[in-house]
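Take a look at the structure set out below.
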């Protein structure tokens with residue numbers, strides 16, 4: 001059916017104000033998954049943002065609201081329900097929400113055309129009583145309303161306030177007639193009807209790949225524990241996605257959704273901080289805006305399979321398709337096809353791969369960082385004892401690339417694991433380190449904790465020769481933490497995150513120039529990324545396969561290791577993620593963030609053999 005003149009004018013306005021290319025027509029609408037739009041009605045416009053109130057993201061919302069304004073005033077309503085409400089904090093919450101409302105108005109004023117003005121209004125919807133009072137949502141029922149913005153906070157609180165209320169009814173009617181709805185952080189989470197409501201208990205990103213780690217409010221439960229009733233049916237949104245390492249959470253969540261919805265799961269859509277995407281009609285994701293990128297997690301395109309393994313029920317999944325959206329990309333939530341600049345990208349098959357064997361003849365372990373405790377060191381000790389004719393006289397060497405205290409900590413671990421033989425330690429830079437005869441030991445542990453401190457050793461040709469000899473000669477060779485990355489094809493000298501800069505460091509890992517890659521030992525021809533779950537280094541993993549398309553990326557959780565013994569390559573404890581970018585399209589966006597179409601991810605749990 002052709003566009004009416006009014007709708008064609010609206011398209012031209014949207015394109016001019018937002019830069020959005022919509023190919024001369026709104027995406028086709030078909031059925032309840034398209035935001036409940038009636039035939040001939042404009043598509044719903046949802047704009048989930050991963051976090052923050054950066055001027056750039058607020059302006060993107062403002063431009064969309066301006067594009068639908070029917071007069072010279074752009075009317076914007078801010079919804080603060082995710083703040084929650086108790087009487088001691090209510091005045092403070094109102095003050096902060098008022099400040100955010102002013103910020104939204106200011107962002108609009110900065111981009112509004114001459115002759116128009118922006119007005120921001122705060123809807124006092126902080127508790128259930130507020131939401132049930134019809135007068136508090138009057139602004140949301142106004143026919144002049146041009147945009148709704150939901151503030152961040154706690155999405156569970158927001159939905160306890162809004163679900164089945166006059167306020168939600170008013171927002172539903174507004175969105176169905178084309179009023180843009182944007183939200184940041186918790187305000188983004190509520191934009192999918194099946195809603196992630198955080199982690200369960202004290203779980204976090206470290207447990208994200210475990211079944212039941214995510215607190216889900218499902219949209220088909222028939223109760224108030226859900227996202228907005230007009231929210232996406234085809235996507236489950238996650239926020240702060242890159243900076244808080246939430247790929248594991250979405251991978252396990254969409255696997256659980258696959259079970260719940262009979263084998264047809266929604267798409268996981270993760271927006272990073274200060275970054276958002278436009279969802280038209282619950283059909284098309286387009287016009288990524290902000291400072292970073294947006295990821296999609298897709299279990300359907302390649303017929304992914306999954307199960308849960310080990311006592312901790314780690315996700316074991318095969319052929320999950322991952323895309324990293326940037327500007328100039330579109331993603332169809334129905335066909336699950338991605339285009340870049342109008343051309344289809346990422347049409348991959350998920351063809352088989354084989355993890356490369358270790359170049360050594362003995363048993364090789366690559367660990368994700370095991371000083372925190374796991375079953376990895378006991379497994380190493382067991383193999384090392386078996387390699388000796390007399391376990392009581394067996395010899396084990398620990399080579400530290402950074403400090404003596406690192407060597408001592410691993411020495412304590414091997415003794416706690418039951419090692420009965422002799423233990424020697426050597427630290428790079430200490431007297432006599434170059435003269436160590438590594439060929440006389442039954443097991444050699446190459447260890448480090450701090451990449452910047454270890455970088456001097458890793459760049460030293462003499463240390464490299466020592467480590468290479470140890471890997472080749474020792475019956476059992478174990479490289480852990482940053483040393484595991486060094487044992488792979490490439491390693492990064494960048495510091496690991498600390499308690500003060502996790503979000504900054506993990507977000508930067510998605511910038512294509514962040515890693516400052518150095519050549520590794522090549523014991524295994526793959527990019528090895530340790531502490532994937534605790535250091536939030538998913539960006540490092542994906543950038544690794546982008547720079548070396550012919551090689552896999554091996555993400556190893558803290559407390560986990562991969563054991564290489566000939567063709568038998570298995571997970572020891574915890575979880576391992578294999579990233580396959582052989583057939584993917586990758587690029588750097590204008591803000592330096594990695595873009596990718598057609599990455600394929602497989603996850604493995606304890607005892608599983610690595611293969612697709």
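The values are calculated or read from the model by the stated rules, or taken from the named source; none is laboratory data. Given the structure is predicted, the values throughout are model-derived calculations rather than measurements. With ideal geometry, Cβ positions are generated from the backbone for all residues, glycine too; neighbour counts draw on all protein chains shown.
Okay, here's what the table says:
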| quantity | calculated |
| --- | --- |
| Check on residue 495, assigned to a loop (DSSP other than H, G, I, E, B) and under 29 Å from residue 378 (Cβ atoms) | no |
| Residue 120 vs. criteria farther than 21 Å from residue 75 by Cβ, assigned by TED's automatic domain parsing to the domain that holds residue 275 and not in a helix (DSSP H, G or I) | no |
| Exclusive hit being part of a strand (DSSP E or B) and out of contact with any helix residue (DSSP H, G or I) (no Cβ under 6 Å at 6 or more places or on another chain), set 430, 424 | 424 |
| Checking residue 56 against (1) over 31 Å from the mean Cα position of the chain (by Cα); (2) at pLDDT 95 or above; (3) surrounded by fewer than 21 Cβ atoms within 10 Å (Cβ to Cβ), the condition it does not meet | (1) |
| Tally, over the stretch 363-386, of residues that are surrounded by fewer than 22 Cβ atoms within 10 Å (Cβ to Cβ), in contact with a strand residue (DSSP E or B) (Cβ under 6 Å, 6 or more places away or on another chain) and closer than 29 Å to residue 434 by Cβ | 1 |
| Subset tally (residues that are within 11 Å of residue 401 (Cβ to Cβ) and in a strand (DSSP E or B)) for the stretch 446-487 | 4 |
| Residue match in the stretch 121-137 (condition: farther than 21 Å from residue 167 by Cα, crowded, with 16+ Cβ neighbours inside 10 Å and touching a helix residue (DSSP H, G or I) at 6+ places or on another chain (Cβ under 8 Å)) | no |
| Within the stretch 169-196, tally of residues that are surrounded by 23 or more Cβ atoms within 10 Å (Cβ to Cβ) and closer than 21 Å to residue 215 by Cβ | 13 |
| Residues being free of Cβ contacts under 8 Å to residues at least 40 places away in the same chain and within 30 Å of residue 611 (Cβ to Cβ) - total across the stretch 312-355 | 3 |
| Residue check for residue 352: in a loop (DSSP other than H, G, I, E, B), loosely packed, with under 15 Cβ neighbours inside 10 Å, at pLDDT below 95 and out of contact with any helix residue (DSSP H, G or I) (no Cβ under 9 Å at 6 or more places or on another chain) | no |
| Failed item, numbered, when residue 413 is tested on (1) outside any loop (DSSP other than H, G, I, E, B); (2) at positive phi | (2) |
| Test: residue in the stretch 159-167 that is surrounded by fewer than 24 Cβ atoms within 10 Å (Cβ to Cβ), over 21 Å from residue 86 (Cβ atoms) and in the same structural domain as residue 131 (by TED's automatic domain parsing) | yes |
| Elements of type strands (runs of 3 or more DSSP E) contained in the stretch 530-612, each with 2 or more residues being surrounded by fewer than 21 Cβ atoms within 10 Å (Cβ to Cβ) and modelled with pLDDT of 95 or more | 568-572, 585-588 |
